[in-house]
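Notes follow once the structure below has been shown.
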Amino acid sequence: MRLFLCLILISPLTFADFNCEVKDMKMLNDDGSLTTPPNPWRVGDVFVVDKLSGDVTGENAPMLDMTVLYVGDGANAWKGISTPVLNRVLDSANSPLGVTSSIGNSLDLMWISIFVESPNKPFIYHDDTSVFTGICTVF
């Protein structure tokens, strides 16, 4: 029984990374709708997200490193928020002036549906006015 438990705890899915590819890109219009940009330059971009640390690698990754909010499980998604944004919020909490500028303060979030019973795990990522969707595989 102990051997079985140890094998589960050190299984590849426990420490696996996500290999992701952007399949679609939308941008926010002034009327509140989403539209495909004239040149969806991010479609086809590939990147790797470290499941535990949130580190993002890949020359064309649409996001910076993520702070992992939840690693996910069989019923819930992996969730991350942009580390630079989170750091600014935490730093401002310690400042007597609070947040003094909104420059560069977009809220970048990522959701990977690791609970999907398929090797292809859908993801959605959004930054200030863009939404990216695609597929991640666990490796």
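The values are calculated or read from the model by the stated rules, or taken from the named source; none is laboratory data. Nothing here was measured: the structure is a model prediction, and the numbers come from that model. With ideal geometry, Cβ positions are generated from the backbone for all residues, glycine too; neighbour counts draw on all protein chains shown.
Scanning the range 28-66 for residues that are part of a strand (DSSP E or B) and of a type in the set (Phe, Trp, Tyr) yields a single hit, PHE47.
Any chance the range 81-94 includes a residue that's at pLDDT below 95 and part of a strand (DSSP E or B)? For the range 81-94, residues at pLDDT below 95 and part of a strand (DSSP E or B): present. For the structure I just gave you, tell me whether ASP108 is at pLDDT 70 or above, more than 20 Å from THR133 (Cβ to Cβ) and surrounded by 11 or more Cβ atoms within 10 Å (Cβ to Cβ). For ASP108, the condition - at pLDDT 70 or above, more than 20 Å from THR133 (Cβ to Cβ) and surrounded by 11 or more Cβ atoms within 10 Å (Cβ to Cβ) - is not met. Of everything in the range 1-27 that is in a loop (DSSP other than H, G, I, E, B) and more than 19 Å from the chain's Cα centre (by Cα), the residue that is modelled with the highest pLDDT is MET1.
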